[in-house]
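Written out below as C-alpha cells is the structure these notes cover.
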Amino acid sequence: MTTPTKILLLTSSILGDGGQSRGLAEHFKHQVAERGDVQITERDLVADALPHLDSAEFASWMVAEEERSAEQRELAARSEAALAELFAHDVLVLAVPLYNLGIPSQLKAWFDRVLRAGQTFRYTENGPQGLVESKRAVILAARGGQYVGTALDSQTPHLRHMLGLMGIEEVDFVYAEGLAMGDRHREASIGEARQAIGHYVSSRL
C-alpha cells in the first residue's frame, strides 16, 4: 500500500474566505480532493493566530524541558506544536497575500516558532545548515499589483530564504497578480493561477 503524501496548508489572509489567497488555497484543496493518495491538514494562522514572539517565550526554549516552570512549558508548547506539525508533513503549502510588500504578520509569527537553531537549522563553520530534510514547499501568492521580477517583490526572496534556512530548497511559486487592476485582469490572472495549481497537483504530487 502506497504511503499518502501529507500536505500542511497554511492560510494567512485577514479577509478570511473573501481573501484571494484563500481562494487559491480552496482551489488547491479541490484539486487534491480528487486524489486518493494525498492527505491534507489545514491551519488558518489568522483564526488560530500565534502572538508575536517575545523575550519570555524565546527564553523558554533555552531551558531544559524538565527544568521549565509551568509558564515556560506553556510558552514553549507553541513552538513545539508548530515544529511537530511541520515535521509530520511532506509538503508545505503557504497561501500568502501581499501586505505592504511583505508577508502577513501572522505568517511571520509562525516562522518565528519554526525557525529555531538546533531544531530546523544549526550554525556551522561554513554558515547555517538546514535540518529539515526531504520536504518541499509551494507558495500560492496573491497580489493586488504586479511585482514579480521587480525590486518591490521582497516577499519572494524572503520566503525562499526562510524556507531555505530550514533546508527546504525545493520551493515552487504560483502567482496571481494584478488582482486590483480591474475585473478582466483579475479573472485572467486567477484563471492562470488555477491552471498552474492544477498542473502542480497532477505532476508534482
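The values are calculated or read from the model by the stated rules, or taken from the named source; none is laboratory data. Note that the structure is a prediction, hence the values are computed from the model and not measured. Every residue, glycine among them, receives a Cβ derived from its backbone with ideal geometry; neighbour counts consider all protein chains shown.
Quick notes on this structure:
- Cβ-Cβ under 6 Å pairs, at least 6 apart or on other chains, the range 45-64 side touching a residue at least 40 places away in the same chain (Cβ under 8 Å) and on the phi < 0 side of the Ramachandran plot, far side outside any helix (DSSP H, G or I) and among the hydrophobic types (A, V, I, L, M, F, W, C): Leu45/Leu10; Val46/Ile14
- Of the set (1) in a strand (DSSP E or B); (2) free of Cβ contacts under 8 Å to residues at least 12 places away in the same chain, all apply to Leu140 but (2).
- Of the residues making up the range 31-43, those that are in a loop (DSSP other than H, G, I, E, B) and surrounded by 14 or more Cβ atoms within 10 Å (Cβ to Cβ) number 1.
- Enumerated strands (runs of 3 or more DSSP E) restricted to the range 78-130, each holding at least 1 residues that are at pLDDT 95 or above, of a type in the set (Gly, Ala, Ser) and within 28 Å of Tyr175 (Cα to Cα): 91-97, 127-130
- Flag if Leu107 is closer than 28 Å to Leu152 by Cα, in contact with a Ser or Thr (Cβ under 6 Å, 6 or more places away or on another chain) and surrounded by fewer than 20 Cβ atoms within 10 Å (Cβ to Cβ): no
- For the range 127-171, the candidate set comprises residues that are among the charged types (D, E, K, R) and within 12 Å of the chain's Cα centre (by Cα); within that set, the residue that is farthest from Arg116 (Cα to Cα) is Arg136.
- Condition met for Gln119 (buried (at least 17 other Cβ atoms within 10 Å of the Cβ), touching a residue at least 24 places away in the same chain (Cβ under 8 Å) and farther than 30 Å from Arg35 by Cα): yes
- Number of the exception - Arg184 against (1) in a strand (DSSP E or B); (2) surrounded by fewer than 17 Cβ atoms within 10 Å (Cβ to Cβ): (1)
- Test: residue in the range 156-169 that is more than 22 Å from Leu8 (Cα to Cα) and either among the charged types (D, E, K, R) or in a helix (DSSP H, G or I) (or both): no
- Of Val46, Val93, Val63, all but one fail to be among the aliphatic types (A, V, I, L, M) and surrounded by 20 or more Cβ atoms within 10 Å (Cβ to Cβ); the exception is Val93.
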